[in-house]
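J.: Pasting a structure below so you can have a look.
What follows is calculated from the coordinates using simple rules that are stated; it is not laboratory data. Since we're looking at a predicted model, the values are computed, not measured. Neighbour counts run over all protein chains shown; Cβ positions are idealised from the backbone, glycine included.
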Amino acid sequence: MKAYFGRRYLISASHRLHTAALSPEENRSTYGKCNNPHGHGHNYVVEVLVAGAVDPETGMVINMVALDEVVRARVLDRFDHANLNLDPLFMNQVPTTENLCKEVFALLKEALPAGKLERVRIEETENNFFECEGD
Amino acid sequence: MISLTRRATFSASHYYWKPAWTEEKNEQVFGRCANKNGHGHNYTLEVTVAGEVDPVTGFVVDLKWLRDAIDREVLAAWDHRHLNLEVSEFAASETAATIPTTENLAIAAWKRLEPSVLGAGGARLSRVRVYETPEIFAEFRGEA
C-alpha cells in the first residue's frame, strides 16, 4: 500500500539575488532589496516527502534514521550556515529559492533509493514557499 | 471540485517492536522507538475530503459533521490510549501485530473514516495526514 512520509529540516543560510546577465539597475529593479550588495539570510525549512509501499515488516515507507543521514550528508552539511552564492551549484545561476529547491531535489534524488523522492518543499519565510517534484 | 481539510489532535503512546526479531535487531532498526516501556506524542490528524460545492448550502461537507465523524471514528478509540495495547488495529495479536508507525496510523485512520465519508454522500476522502511531531508526518491517499 502506497503511503507518504514527510520530514522537515532547518537550514540557516545567506544569499544575494544578483545576475551578471543584467545591468546593476536591472538587478535592482528585478530583485529589489534581495539585491543589496552584502546579502541577507533566512531560516529555510526544507520539507522532504518520500513515497512508496509501506514495508510489511517495519511498517515504514523509509527508515527515518536513514533519511536523516542522507539529508544531513547531502543538504544540511552543505548549505547550513553557508553563503549560497559561494556554493559551486550557484556559480552560474542565481540562488533563488526556486533554484535551491531544484538543486536540493537533485541532490536527494541521487542519494535516496530510486523512485522514493516525491517532492521537496522549501519555505523561505513563513509567507513563501517553493516546491519541486522533479521533471 | 473543492477540497477541505479539518484538523484534530490526539495524544497517545506507542513503541515499535517486531516480535519475530531479536532485541538487537529491533533496536538496530527502530532505535529509541523500540523501548518497550513506550513513549508518547501529541499527534495532529488532518483529514481532507473533496467534492462538489452544494448549491444550496455552499458546503462540500458540513465541517461540524466532519468533526463529529473524526471524533467518533478515530479520536474516541485513539486519544489518550496506548496504541500497541489498546487500539484494535495494532493490538490484534502479539505475534501478528501491525506496528503503529506514523505511516500505519495514516492508513488506519483512512480505513476508519472512509465508510462515514462515503455514507454521507457528495464527498470522498482525499487525503489523511498524521503529524507525529511538527517535523514528522505521514500521509495516505487511498492508493493501492
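J.: Which residue fluctuates most in the GNM of chain A (Cα springs below 10 Å): A:A51, A:A73, A:A114?
T.: Evaluated over chain A, the most mobile residue of the options is A:A114.
J.: Could you pull out every residue, at least 5 positions away or on a different chain, whose amide H is within less than 5 Å of the one on A:A13? Hs are placed 1.01 Å off N in the peptide plane, and Pro or chain starts have none.
T.: It is A:H42, A:Y44, A:H81, by chain and number.
J.: Treating the beta-carbon of each Lys and Arg as +1 and of each Asp and Glu as -1, no other charges, what is the dipole magnitude of chain A about its Cα centre, to the nearest 20 debye?
T.: Numbers: 14 positive and 20 negative charges, 24 e Å.
Magnitude of the dipole: close to 120 debye.
J.: Another question about this same structure. What shape does chain B take by its C-alpha gyration tensor, where a ≥ b ≥ c are the square roots of the eigenvalues and a/c under 1.5 counts as rounded, a/b above b/c as prolate, and the rest as oblate? Could you put the intermediate results ahead of the total?
T.: Working: a/c = 2.46, a/b = 2.44, b/c = 1.01.
Because a/c hits 1.5 or more and a/b exceeds b/c, chain B counts as prolate.
J.: Then there is this: What relative contact order, as a whole-number percentage, does chain B give when Cα pairs under 8 Å and 6 or more residues apart are counted? Each step should come with its number before you reach the end.
T.: On the way: 249 pairs, mean separation 42.4, N = 144.
Across chain B, relative contact order equals 29 percent.
J.: Classify the protein assembly as shown from the C-alpha gyration tensor, please: rounded if a/c falls under 1.5, else prolate or oblate depending on whether a/b exceeds b/c.
T.: Numbers: a/c = 2.63, a/b = 1.49, b/c = 1.77.
Here the protein assembly as shown falls in the oblate category.
J.: Step through the residues of the stretch B:106-119 one at a time and calculate ³J(HN,Hα) from phi using the Karplus curve (6.51 cos²θ - 1.76 cosθ + 1.60, θ = phi - 60°), rounding each to whole Hz and writing x for Gly and Pro.
T.: So the Karplus estimates, Gly and Pro as x, are 5, 5, 5, 5, 4, 5, 5, 8, 4, x, 5, 5, 5, x Hz.
J.: Pick from B:N84, B:N104, B:N37: which is most flexible by mean-square fluctuation in a GNM of chain B where alpha carbon atoms under 10 Å apart are linked?
T.: B:N37
J.: Do you know the relative contact order of the stretch A:2-132, to the nearest whole percent, from alpha carbon pairs under 8 angstrom that are 6+ apart? Present the calculation step by step, with values, prior to reporting the outcome.
T.: Working: 202 pairs, mean separation 42.2, N = 131.
Once normalised by length, the contact order is 32 percent.
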